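Trainee: Handing you a structure now.
Read-outs: derived from the displayed coordinates by stated rules, not from any lab. Remember, predicted model here, so these are calculated numbers, not experimental data. Cβ: placed from backbone, ideal geometry, glycine included. Neighbour counts: every protein chain shown.
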Amino acid sequence: MDNCSYDPFRPVKMPKTSITIAVFIDALGWRLAHEHGFLREELPYRGPLATIFGPGATGDPTILTGLKPRDHGHFALFTYDPSNSPFRKVLWPRLLPQFLTRRGRVRRWFGKKLSRYVGGNGDFEVRDTPFNLLRQLGYNDNRDLYEPNGAQATLFDDLRRQNVPFHVSDWRLDEEENLAAARKEIATGKLRLAYIFLPQLDILQQYEGTSSQKIICKLGWYEQEIRDLIALAREHYDEVKVAAFSDHGMTDIRKECALMQIVSSLPLEFGEDYFAVYDATMARFWFHTKEAERLIGDALLYLSDGQWLDDETLRSWGCDFPDGRYGDRIYLLKPGILLNPSFMGRYRYAGMHGFDPAHEDSIAFFATNEQTLPRPQGLEDLRRVLSQSIGIAA
Ligand SMILES: [Zn+2]
């Protein structure tokens, strides 16, 4: 037995502590990040990241599950689902005269009511969605992604299963509150992952476009906040790994298309012959009659502002849903052309996302300080790459 060689005065070698700080900056496009040189010194290993097609609610699920939309099921907030619509029992908007329901303040107030009704966080935007159509809309909430035992296993489920301590931002809080919460948790010295979600750049670019001075200031603020997090983490951990990424870029709007009027001028009855959801960059149709399919198909076929998406394209984007829950057919506008008015409102946004995912302004961003970390090609690779950084089995 060699137990006698135990020396009580020899320093005990503690295992190295290591943290991965993952910062998700909504809508920070590769082009913008590259031109700005976003955290170039701190995160030198960087590149474009392929995005995923969808009008919204698509990026988070793809990042966290590592699956394409057809497999995780999330693609758009609104669907056509008259029998299960969470709004079908909301009767009273019918009683409001139209001159009131057109007003922004009334709509915002109603949006908050509706949000509470479907269990949302109060940010629910009905914007210009016609009230009488709301009762036929399904609402696809993806917030259970952050909770345990959601419909699909996520990066967070992997961490819970393996008892790995982590912190994740709370979507109910704003950016400052979430950054403060992350600092507090990082300073415990006990985390293996801090996952920080910063959503405001998306909204800001929708109103300002990509080249406004306000965007430069916002990027500068993000850089300083992230530098501070890194410095703080270095006080508490032997090793600080950082990955910053986004879900998509932002395209500046150069033209509008009144697609809603083109379709509603046809001799068809909305709700009877067809149903449509008008997102800001695409129109999704459910046809109830052959005549509606033919008339709407032909009316948009020769419009130069966009194109009908064929099955092959949707399949290659991972957005083919055999049950047609997001529409029988989708008409997508060209990058930079805004569908206005749409269910997002009657407003000339300066920037929008949800165009062709291969377009240069749609491309997302990834950067890290880990030289040996494999470079993710697309959003669906982030779960695997972050798992590798943290050192867990995916
Ligand atoms: Zn986004």
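Trainee: Taking the Cβ of each residue in Met344, Met260 as the centre, tally the other Cβ atoms inside 10 Å and list the residues starting with the fewest.
Mentor: If I rank by nearby Cβ atoms, fewest first, I get Met260, Met344.
Trainee: Hey, another quick one. With the cut-off at 29 Å, tell me which of the pairs Lys218/Lys255; Lys68/Lys241; Lys184/Lys218; Lys68/Lys214; Lys16/Lys184 have Cα atoms farther apart than that.
Mentor: Lys68/Lys214
Trainee: Just to be sure I understand the curve: with the Debye formula and one point per C-alpha of the range 254-348, what is log10 I(q)/I(0) at q = 0.12, 0.14 Å⁻¹?
Mentor: With one equal scatterer per Cα and no solvent, log10 I(q)/I(0) is -0.36, -0.49.
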